[in-house]
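See below for the structure under consideration.
The values are calculated or read from the model by the stated rules, or taken from the named source; none is laboratory data. Nothing here was measured: the structure is a model prediction, and the numbers come from that model. Note: ideal-geometry Cβ built from the backbone for every residue, glycine included; neighbour counts use all protein chains shown.
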Amino acid sequence: MKIVLVEDDEKISSFIAKGFKELGYIIQVFDNGEDAYYFLMNENYDIAIIDIMLPKLNGFELIQKLRERSNKIPIIVLSAKNATDDKVKGLELGADDYLTKPFAFSELLSRINAIYRRVNNIKETVLQYADLSLDILTREVTKADKKIELQKKEYSLLEYLMRNAGRIVTKTMILESIWGYDFDPQTNVVDVLIHRLRKKIDDPFEKKLIHTVHGVGYVLKEK
C-alpha cells in the first residue's frame, strides 16, 4: 500500500512513517498542504492521511481542492481538533474518516485497512491462489499448508503478484508498487527480490508459481 502523510509535526510524522515502513508500506511525507496537493494531483497513491493545521494550505482547504478536481483518493483526517463541527466539516468536504489526536497507531492502521478493503471491494482478508495463501491482516503466508516466513519487501512483492495473479507485471510496475516513484529504473533489485521469493515460495515445493516472461517481467500462475 502507498500512503501520503501530510503532517507538520515532525515527531508525529516520524512516528507514523516509522510504523508504516516497518510493515513494508510506501509512505511519502509532506509538512505543508501545498506541496502535498501538487504531489497528489500527479501521483497515484492508495490513501492520504491529512492533518488540519497545516502551513500554506490547511487540511480542509487541501481536501476541498482535491475533491473539486475530482481526486478520489481515500482520506483520513488526523487532527487535534476534536469538536463535532470540525469532524462534520472534514467529512462533508470529502474525507472518508476522522481520527483525533492523541491516537494509537494500531487504530490508525485498522482504519486504513478498513478503508482500503472497502474502496477496493475486498470482502475477504485472505488472498488465495492455487495452494498459496496470504492473510493481509495477520501477514501470514502459507503454501501447501506450510507456513512461510517472509521479509517486508518479500511480503510486499508476493502480495502485489497475488493481487495481479495471471497478469504479467513489468519490473517498472513492481518498482513503483513497492518502492514508490523514487527509484532507479536501472537497478537489479527486482531480480534479486524475485530470486529470494522463489527460494521460499517455489524451490521447496513441487508446484512452481512465479514465472519469468523474458524481456517483459513476471507472472504468478499455475503452469
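Here are a few things to note about the model shown:
- Residues (over 16 Å from ASP46 (Cβ atoms), of a type outside the set (A, V, I, L, M) and either surrounded by 16 or more Cβ atoms within 10 Å (Cβ to Cβ) or modelled with pLDDT under 85 (or both)) located in region 156-176: LYS171, THR172
- Test result for THR172, closer than 29 Å to ASN71 by Cβ and touching an Asp or Glu at 6+ places or on another chain (Cβ under 7 Å): no
- Scanning region 177-203 for residues being at pLDDT below 85 and outside any helix (DSSP H, G or I) gives a total of 9.
- Qualifying residue in region 54-75 (condition: modelled with pLDDT of 90 or more, under 17 Å from the mean Cα position of the chain (by Cα) and small (Gly, Ala, Ser)): no
- Enumerated strands (runs of 3 or more DSSP E) restricted to region 129-176, each holding at least 1 residues that are over 21 Å from ASP203 (Cα atoms): 132-135
- Of the numbered criteria (1) among the polar types (S, T, N, Q); (2) surrounded by fewer than 18 Cβ atoms within 10 Å (Cβ to Cβ); (3) more than 18 Å from PHE39 (Cβ to Cβ), the one SER79 fails is (2).
- Single residue of region 13-37 satisfying the filter (out of contact with any strand residue (DSSP E or B) (no Cβ under 7 Å at 6 or more places or on another chain) and closer than 29 Å to LEU158 by Cβ) that is surrounded by the most Cβ atoms within 10 Å (Cβ to Cβ): GLY24
- Of all the numbered requirements in (1) surrounded by 13 or more Cβ atoms within 10 Å (Cβ to Cβ); (2) over 19 Å from ASP9 (Cβ atoms); (3) within 17 Å of the chain's Cα centre (by Cα), ASN120 misses one, and that requirement is (1).
- If the condition is being part of a helix (DSSP H, G or I) and closer than 15 Å to LEU5 by Cα, then region 53-65 contributes GLY59, PHE60, LEU62, ILE63.
The rows are residues; the columns are (1) among the aliphatic types (A, V, I, L, M); (2) crowded, with 19+ Cβ neighbours inside 10 Å; (3) in a helix (DSSP H, G or I).
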{"site": "PHE39", "(1), (2), (3)": "no, no, yes"}
{"site": "ASN44", "(1), (2), (3)": "no, no, no"}
{"site": "ARG67", "(1), (2), (3)": "no, no, yes"}
{"site": "LYS72", "(1), (2), (3)": "no, no, no"}
{"site": "ASP85", "(1), (2), (3)": "no, no, yes"}
{"site": "GLU92", "(1), (2), (3)": "no, no, yes"}
{"site": "SER106", "(1), (2), (3)": "no, no, yes"}
{"site": "SER110", "(1), (2), (3)": "no, no, yes"}
{"site": "ALA114", "(1), (2), (3)": "yes, no, yes"}
